[in-house]
Amino acid sequence: MNHRHLSSPYISHNIINQLSDSFSSDEGCRLLSGIVSDECKVLQDIKKILEKRISFDEQYAKNLQDLTASTHRVIWPVSREVFSQWSHLATTMSSNAEQFRTTIL
């Protein structure tokens, strides 16, 4: 089996050769397969967590939009500025969540 070795200032060639020999055996392949399988499971769990986070962000943004939609009853000019900022934040959060969903997930 032809192995390419990358030089690394932190790992000696002897260690790289030992790892290469270990992973070219049947047991090494099984170990590597198990590691890759575990990594896939972790990545799937991370994806679920990120999807949940996006869902929370979208719900929070919707709640902010609903809140700012009812601000016409508030008379104070300062409050209107705060609600306007919340509305802008809600729009930004919704946009960012959608962009994250399409580009990352």
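Considering the conditions (1) modelled with pLDDT under 75; (2) touching a helix residue (DSSP H, G or I) at 6+ places or on another chain (Cβ under 6 Å), residue 17 is excluded by exactly one of them, (2).
Considering (1) of a type outside the set (A, V, I, L, M); (2) part of a helix (DSSP H, G or I); (3) modelled with pLDDT under 70, the lone condition that residue 4 does not fulfil carries the number (2). In segment 72-98, of all residues being surrounded by fewer than 11 Cβ atoms within 10 Å (Cβ to Cβ) and among the charged types (D, E, K, R), the one that is modelled with the highest pLDDT corresponds to 81. Scanning segment 30-68 for residues that are of a type in the set (Asp, Glu) and either over 19 Å from the mean Cα position of the chain (by Cα) or closer than 15 Å to residue 98 by Cα (or both) yields 51, 57, 58, 66.
The values are calculated or read from the model by the stated rules, or taken from the named source; none is laboratory data. These numbers come from a predicted model, not from an experiment. We place every Cβ from the backbone using ideal geometry, glycine too, and count neighbours over all the protein chains shown.
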